[in-house]
Structure formats: C-alpha cells, structure tokens
Amino acid sequence: MSVCVTCRTDLRTVVRIGSRGVPHGSPGHQVNYRWTSLSACPECEAGLLVHFDHDCFHQPWEEPWDMDWSWPVAGDGVQRLKAALAQCPDPLQPSCECPVHRSLRDSTERSPSREVPMTIVLTEDGLPQVRSVRML
C-alpha cells in the first residue's frame with residue numbers, strides 16, 4: 001500500500017488498468033507477471049500510476065526479479081478519470097474490455113519518461129488517456 005506524500009493517507013486503487021500473467025507463487029505462474037494501476041489519495045486526490053513487473057529469470061526460478069515504476073498524477077486528472085470510470089462496469093477488473101480500460105491500456109502500453117508528472121486527459125469520445133503534463 002502506498003501513502004500520499006502530502007497527506008500521509010493510504011492511497012486507494014481507482015482503476016486496475018491491466019495485468020498479464022499469473023502472480024509468483026500461484027498455480028500457473030510461468031516466469032513473467034506484470035500489472036498497471038492508478039491509485040489516489042482520498043483527501044487531496046493526488047494520484048499515483050504504478051507499473052509492476054516480475055520476472056523469474058534465474059534458475060531454479062526461486063529468485064524473482066521485481067521492479068516497479070511510478071509516476072505522480074495530477075489531482076484534476078484523477079477527477080477526470082473518476083468521471084470517465086462511470087462508463088466502466090468494473091474499474092478494479094484489469095481484464096475488463098470496456099472502452100475506458102482499452103483506452104487506458106493503449107495510453108500506458110509504453111512507459112512514460114521517468115521525470116515528468118502525468119495527468120489524465122479525455123478524448124473527444126470522453127475516454128481517459130494517461131499523458132505527460134509536458135505534452136499538453
């Protein structure tokens with residue numbers, strides 16, 4: 001669980017954007033597991049986009065390599081995301097195929113630069129996409 005750097009409050013998951021593979025230690029795990037989600041502070045709405053990547057590339061597959069990357073997300077972007085999620089039947093289901101999830105997955109497929117804060121913008125169709133604040 002992550003904590004808001006401003007409010008010191010536990011962040012809450014807003015949307016699980018996607019995942020691939022089976023978690024380490026679970027039946028069916030085959031080397032890789034990854035997920036992407038966005039959490040937000042219930043006090044100030046500052047968000048955190050997190051991409052987690054796991055790989056068991058060392059034999060005997062008992063020494064996993066875990067890495068995560070995170071990006072701050074502007075509070076106004078989190079508000080836009082929450083409004084757009086009204087179109088989604090299950091924001092916490094990473095395998096959801098609704099247009100909202102597909103749009104978020106498309107916009108996070110390639111990891112953004114590490115130095116920039118992120119926000120959520122809405123397309124003309126009202127679908128959320130993750131964007132660099134510098135690209136706006």
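The values are calculated or read from the model by the stated rules, or taken from the named source; none is laboratory data. Predicted, not measured: the structure shown is a model, and the values here were computed from it. Glycine also receives a Cβ, built like all others from the backbone with ideal geometry; neighbour counts cover every protein chain displayed. Accessible surface is based on the protein model in full, side chains and every heavy atom, while ligands, DNA and RNA are left aside. Shrake-Rupley method; radii C 1.70, N 1.55, O 1.52, S 1.80 Å.
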When restricted to Trp35, Trp61, Trp69, the only residue of a type in the set (A, V, I, L, M, F, W, C), at pLDDT below 90, exposed (fewer than 14 other Cβ atoms within 10 Å of the Cβ) and in contact with a Lys or Arg (Cβ under 9 Å, 6 or more places away or on another chain) is Trp69
What number goes with the only condition from (1) within 16 Å of the chain's Cα centre (by Cα); (2) farther than 20 Å from His51 by Cα; (3) of a type in the set (A, V, I, L, M, F, W, C); (4) open to solvent by 70 Å² or more (accessible area, probe 1.4 Å) that Cys88 does not pass? (4)
Quick one: would you say Arg20 is assigned to a loop (DSSP other than H, G, I, E, B) and at pLDDT 75 or above? no
Read through the list (1) open to solvent by less than 80 Å² (accessible area, probe 1.4 Å); (2) modelled with pLDDT of 85 or more, then give the number of the only condition that Glu97 fails. (1)
Looking only at residues in segment 100-134 that are hydroxyl-bearing (Ser, Thr, Tyr) and assigned to a loop (DSSP other than H, G, I, E, B), which one is modelled with the highest pLDDT? Thr123
